[in-house]
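Student: Quick one: the structure is below, and I'll ask about it shortly.
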Amino acid sequence: MHRAMAGEPDSSGWATATSTRGGFSVRLPVRFSDYTLEVPPSEGEVAKIFVVAGSTVEGITFTAARLVYRRRDGAQHFISRLERGEGLPAAGTAIEPRRFAGRKAIDVTLRNDRALAFARYVLLEDSLIYLIVETPANHRDRVAGSVTQRFLDSLDVLSPGAGSAPGTAGH
C-alpha cells in the first residue's frame, strides 16, 4: 500500500489519482487508495498490478489498474481474446473496439439484475490499463452517463519517471 484515502477533490468534486509506480493517472469523484500487487508465477500471466481505486458510500467503485504481463505479448494476447468475447459472460455484455489516445482499446459493458459495470481496456506496448466503474443496480442511472465517461476518458499514461514502473511507462 502506497497511500490510503488519498486525494483532495477540487471545486468540481473530483481528485487526480496518480499511481505511485504504475505510470498513469486518472480523475476520480472519490478519495482513493494506491497500491501495487506482486502476483506469484503460479497465479497466471500477470506479474504486477498497479492500482488506484476508491468507492462511494453507495457502493459505486472506480478502479484503474496497470497489468504488467510476464510475457511481452501477454497484453496483446488478452486484448485479442477480449475482442472475440472470450472470458466474458455472454448475457448482458456489450463489446466495443475503439481507439483511445492513439492506442487500441476496448470498452465493455456488463449488466445483470444486481449490478452494472463499464470497463475500458487500453493496450500499451508491454502492458494493459484497465479502468472500471462498478455499481449496484439501484445506482445505475447515476453512473451510466457522464460520470463514467469522465472517469474513463481521464486516463493519462505518464512519461517515464513520472510515477512509473521501470520499463513500463511511456508506451
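The values are calculated or read from the model by the stated rules, or taken from the named source; none is laboratory data. Just so it is clear, the structure is predicted and the values come from calculations on it, not from any experiment. As a convention, Cβ positions derive from the backbone with ideal geometry for all residues, glycine included, and neighbour counts pool all protein chains shown. These area figures cover heavy atoms from the full protein model, side chains too; ligands, DNA and RNA do not enter into them. Shrake-Rupley method; radii C 1.70, N 1.55, O 1.52, S 1.80 Å.
Student: Could you grab me the full set of residues in region 17-47 that are under 14 Å from the mean Cα position of the chain (by Cα) and not in a loop (DSSP other than H, G, I, E, B)?
Tutor: Looking only at region 17-47, we keep the residues that are under 14 Å from the mean Cα position of the chain (by Cα), and these are 17-19, 22-28, 32-36.
Of everything in region 17-47, those that are under 14 Å from the mean Cα position of the chain (by Cα) and not in a loop (DSSP other than H, G, I, E, B) turn out to be A17, T18, F24, S25, V26, R27, L28, F32, S33, D34, Y35, T36.
Student: Moving to a separate point now. Are there any pairs, at least 6 apart or on different chains, whose C-beta atoms fall under 8 Å, with the first in region 12-28 and over 15 Å from Q149 (Cα atoms) and the second crowded, with 19+ Cβ neighbours inside 10 Å and basic (K, R), and if so, which?
Tutor: From residues that are over 15 Å from Q149 (Cα atoms), the pairs are A15/R27; T16/R27; A17/R27; S19/R66; G22/R66; G23/R66; F24/R66.
Student: To continue, here is another question. Among the residues of region 58-77, which ones are among the small types (G, A, S) and in a loop (DSSP other than H, G, I, E, B)?
Tutor: Within region 58-77, just G59 meets the criteria.
Student: Tell me, please, whether a residue that is on the phi > 0 side of the Ramachandran plot, within 18 Å of the chain's Cα centre (by Cα) and either open to solvent by less than 80 Å² (accessible area, probe 1.4 Å) or in contact (Cβ under 8 Å) with a residue 12 or more places away in the chain (or both) can be found in region 98-107.
Tutor: Looking only at region 98-107, we keep the residues that are on the phi > 0 side of the Ramachandran plot, and these are 101-102.
Those left that are additionally within 18 Å of the chain's Cα centre (by Cα): 101-102.
Applying the additional criterion that residues be either open to solvent by less than 80 Å² (accessible area, probe 1.4 Å) or in contact (Cβ under 8 Å) with a residue 12 or more places away in the chain (or both) yields 101-102.
Taking every residue of region 98-107 in turn, at least one turns out to be on the phi > 0 side of the Ramachandran plot, within 18 Å of the chain's Cα centre (by Cα) and either open to solvent by less than 80 Å² (accessible area, probe 1.4 Å) or in contact (Cβ under 8 Å) with a residue 12 or more places away in the chain (or both).
Student: Now for a different question. Given the criteria within 25 Å of P97 (Cα to Cα), at pLDDT below 95 and not in a loop (DSSP other than H, G, I, E, B), does S80 qualify?
Tutor: On the way: within 25 Å of P97 (Cα to Cα): yes; at pLDDT below 95: yes; not in a loop (DSSP other than H, G, I, E, B): yes.
Against the criterion (within 25 Å of P97 (Cα to Cα), at pLDDT below 95 and not in a loop (DSSP other than H, G, I, E, B)), S80 qualifies.
Student: Next question. Consider region 60-84. How many of its residues are open to solvent by 10 Å² or more (accessible area, probe 1.4 Å), in contact (Cβ under 8 Å) with a residue 60 or more places away in the chain and farther than 18 Å from G13 by Cβ?
Tutor: In the first step, residues of region 60-84 are kept if they are open to solvent by 10 Å² or more (accessible area, probe 1.4 Å); the result is 61, 63, 67-73, 76-78, 80-81, 83-84.
From what is left, the residues that are in contact (Cβ under 8 Å) with a residue 60 or more places away in the chain are 61, 63, 67-68.
Those still in the list that are farther than 18 Å from G13 by Cβ too: 63, 67-68.
Count: 3.
Student: What number of residues within region 45-84 satisfy the criterion of being in contact with a Lys or Arg (Cβ under 8 Å, 6 or more places away or on another chain), of a type in the set (G, A, S) and closer than 23 Å to Q149 by Cβ?
Tutor: Selection size over region 45-84: 1.
Student: Continuing with the same structure: Report whether or not F118 is touching a strand residue (DSSP E or B) at 6+ places or on another chain (Cβ under 9 Å), open to solvent by less than 20 Å² (accessible area, probe 1.4 Å), part of a strand (DSSP E or B) and among the aromatic types (F, W, Y). Break it down into steps so the answer makes sense when it comes.
Tutor: Working: touching a strand residue (DSSP E or B) at 6+ places or on another chain (Cβ under 9 Å): yes; open to solvent by less than 20 Å² (accessible area, probe 1.4 Å): no; part of a strand (DSSP E or B): yes; among the aromatic types (F, W, Y): yes.
Considered against the rule, which asks whether it is touching a strand residue (DSSP E or B) at 6+ places or on another chain (Cβ under 9 Å), open to solvent by less than 20 Å² (accessible area, probe 1.4 Å), part of a strand (DSSP E or B) and among the aromatic types (F, W, Y), F118 comes out as no.
Student: Need the failing condition index for S127 against (1) more than 11 Å from the chain's Cα centre (by Cα); (2) open to solvent by less than 20 Å² (accessible area, probe 1.4 Å); (3) under 12 Å from T61 (Cα atoms), just the number.
Tutor: Unmet for S127, out of (1) more than 11 Å from the chain's Cα centre (by Cα); (2) open to solvent by less than 20 Å² (accessible area, probe 1.4 Å); (3) under 12 Å from T61 (Cα atoms): (3).
Student: Within region 151-166, how many residues turn out to be open to solvent by 60 Å² or more (accessible area, probe 1.4 Å) and either at pLDDT below 95 or in a strand (DSSP E or B) (or both)?
Tutor: At the first step, the residues of region 151-166 found to be open to solvent by 60 Å² or more (accessible area, probe 1.4 Å) are 153, 156, 159-161, 166.
Next cut, either at pLDDT below 95 or in a strand (DSSP E or B) (or both) only: 156, 159-161, 166.
Number of matching residues: 5.
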